[in-house]
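Below: one structure, written as structure tokens.
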Amino acid sequence: MDRSTQREVYHGTRQVPPRSTNNVLIAVMGATGSGKSSFINLAAGSTLQVGNGLLSCTDRVEVAPFELDGRMVTLIDTPGFDDTNMSDTEILNMIALFLASLYEQDQRLHGILYLHRISDFRMGGGSRRNFNMFRHLCGTDCLPNVVIVTNMWEQVAVETGNARAQELANDELFFKLALDHGAKMISHDRTTDSAQAIVREVFRNPPMILRIQTELVIEKKNITETAAGIALDEELAEQRKKYVEELEELQKETEEASRTHDAQAVEELTKAREELSNNLSKVDQERGRLVSDYARGRDALHAEMESLQRELQRERTETARTAEEIYRMRRAVEQQKRGIRELRQETHHIQRHGRARDGRARDGHVRNGHVQDGRAREGYAEEGHARENFVVVVLNVVLEIAYEAKRFAARLRG
Ligand SMILES: Nc1nc2c(ncn2[C@@H]2O[C@H](COP(=O)(O)OP(=O)(O)OP(=O)(O)O)[C@@H](O)[C@H]2O)c(=O)[nH]1
Ligand SMILES: [Mg+2]
């Protein structure tokens, strides 16, 4: 029976799920609010927090392990790019660190589910940027292990939904290239059955190595040198260019307003320029932070890994000690059991032999009885003999007397 077991939280990159051949690891990605956590909760029976407004909800990598078809499946929830609380740089760092640490611990993903709301009436800048980042994290070779999950179908008319799905599947800017390279596109109807059927789609896949994992761990690239890092930097550079152009435009407008002495316009335009300048310096900071944050995150991760290793070693020693203790106790119990068995056998033996001896003793008594009887009989016989002898003697005496009396009577007659 499929059942949810527990919910674990990866604070950044901590605690990677236990390795096992029976383990299936699947990452769930997609724009913020695309329904990733809701999907995982349906499939795994977990209780990951689901957003209830316009604000982004999941702000770290979380996992939900559960059992499906006898396999231990772990769905990995990720924060989406375009988060309302975190920058794309932070999100990329978080996801990249997690994926690199998975790979370093010899754990492979079986698939990635990429969630997309069919209810989005157009694939806006956010959705497109999110999918772009996803493609660069993933690489082309992994696409056969990717399922694009379209959801929120109940929010649109069937024909509209179908038309959108068709459009997304055929547009090179959206899902066409991924589908051409083996990715699947499946609709989800917000039921557990549908979520689990989608999970099963990537079950049978051989585990894969994502492009970002190869780049960071094998090729030891800096995050800014990875395809995703470059894509993000390009996005930021694009944003920067836009801000600079807008600033130039505002500068011209402000100068024009000054020339016409439009004080209110000058004030409004100055405010807008300040805002844009702020955005520009944020973008510049973001571009710089991608390197420093990743390096800091990696150092923190290594420190954490070392402490985890020490903890693991302590646990192993403790486990070995406990195992030894259990072994000793088992042996003691075995010995006691053997002792009890022997004691029982002995008792049994004694009881059996005791009975036999009693029996023999009783037989002895019986036989003794017979002997005594015999002796008694002998006694009786002797007695009988004595009585017989006595009778014979008496008879002889009587006969002699009778004979003497007859002789005497004959003498008298004669
Ligand atoms: N109608 C409909 N609403 C859904 C569906 N899935 C999720 N939602 C709603 O969409 C909103 C966002 O869902 P979440 O699961 O939090 O989305 P998320 O992708 O995890 O969002 P972040 O954590 O912010 O990245 C919530 O209000 C959900 O109730 C669906 O299939 N249909
Ligand atoms: Mg979420």
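Since every read-out is calculated from the coordinates, none of them should be taken as a lab result. Model, not experiment: these values are computed from the prediction. With ideal geometry, Cβ positions are generated from the backbone for all residues, glycine too; neighbour counts draw on all protein chains shown.
Table for the structure above
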| read-out | value |
| --- | --- |
| For region 132-251: rounded, prolate or oblate by the Cα gyration tensor [a/c cutoff 1.5] | oblate |
| Restricting region 98-185 to chymotrypsin sites (Phe, Trp or Tyr not before Pro) in coil, as DSSP defines it, with at most 15 other Cβ within 10 Å | Phe121 |
| Trypsin sites (Lys or Arg not before Pro) restricted to DSSP loop in region 208-269 with at most 13 other C-beta within 10 Å | Lys220 |
